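The values are calculated or read from the model by the stated rules, or taken from the named source; none is laboratory data. Here the structure is a predicted model, which is why all the values come from computation and not from measurement. When we count neighbours, we look across all protein chains shown, and the Cβ atoms used for this are built from the backbone with ideal geometry, even at glycine. For the accessible areas, the whole protein counts, side chains as well, though only heavy atoms, and no ligand, DNA or RNA atoms are used. Shrake-Rupley method; radii C 1.70, N 1.55, O 1.52, S 1.80 Å.
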Amino acid sequence: MKLFFIFLAVGFLAILFQTTLLHLLPLGGVVPDLVLVLCVYLGLNHPTMGSVLGAFILGYSVDVFSSPVTGFHAFALSLVFLVVYMSSHWVWVQSPLLSSAVVFFASWIKGTALILLGNLFLAPNGLEFAGFLRYIIFDSLAAALLAPIVFFGLSRVKTYLEGSRITL
């Protein structure tokens, strides 16, 4: 239970950084999706009911804080969690290169889901795919580059909490 609250706190910090501080970096509009990296980590390493709920809450929080439409990110991150969880039965991801690859493809799944939802519910004439495609590519690469660092940090926190007798 304490891991759930720790991951939720880390998720809210990731949302805070992602929606405020990372936009200030001179990366040309590319913002690494830290919440997506956290959802992939949870799908690979903690496939529990609390993690499913956490992925949905984090997606809904991204919607509340930075999206004009509520529910799109909640759906997309829940879908990412489901796909990563289902694929984790076939792929054993323990190396930083493989974790980066999983985050890269998960970012494409999230981007595709957001494009399809946007075309279905928002744009009567369809959204422009070229602009979205450019951001999906760069955002996927940025998230994949940060994934090993985030995975390492989260695994260290998990190891520390499991070794200590901290109660929340």
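Output the helices (runs of 4 or more DSSP H) that fall wholly within the stretch 1-82 and possess 3 or more residues being closer than 15 Å to Val102 by Cβ and out of contact with any strand residue (DSSP E or B) (no Cβ under 8 Å at 6 or more places or on another chain), or say none. I'd like the intermediate steps shown before the answer.
Numbers: elements: 2-19, 34-45, 49-66.
By residue number, 34-45.
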I'd like to know if the stretch 116-136 contains one or more residues that are closer than 24 Å to Ala9 by Cα, modelled with pLDDT of 80 or more and either assigned to a helix (DSSP H, G or I) or in contact with a helix residue (DSSP H, G or I) (Cβ under 6 Å, 6 or more places away or on another chain) (or both).
no
Filter result for the condition that a residue is in contact with a Phe, Trp or Tyr (Cβ under 6 Å, 6 or more places away or on another chain) and open to solvent by less than 50 Å² (accessible area, probe 1.4 Å), over Gly50, Gly11:
Gly50
Can you name every residue in the stretch 23-43 that is open to solvent by less than 30 Å² (accessible area, probe 1.4 Å) and either β-branched (Val, Ile, Thr) or free of Cβ contacts under 8 Å to residues at least 12 places away in the same chain (or both)?
Val30, Val31, Val35, Val37, Val40
Could you say whether any residue in the stretch 57-66 is surrounded by fewer than 17 Cβ atoms within 10 Å (Cβ to Cβ) and within 21 Å of Ile137 (Cα to Cα)?
yes
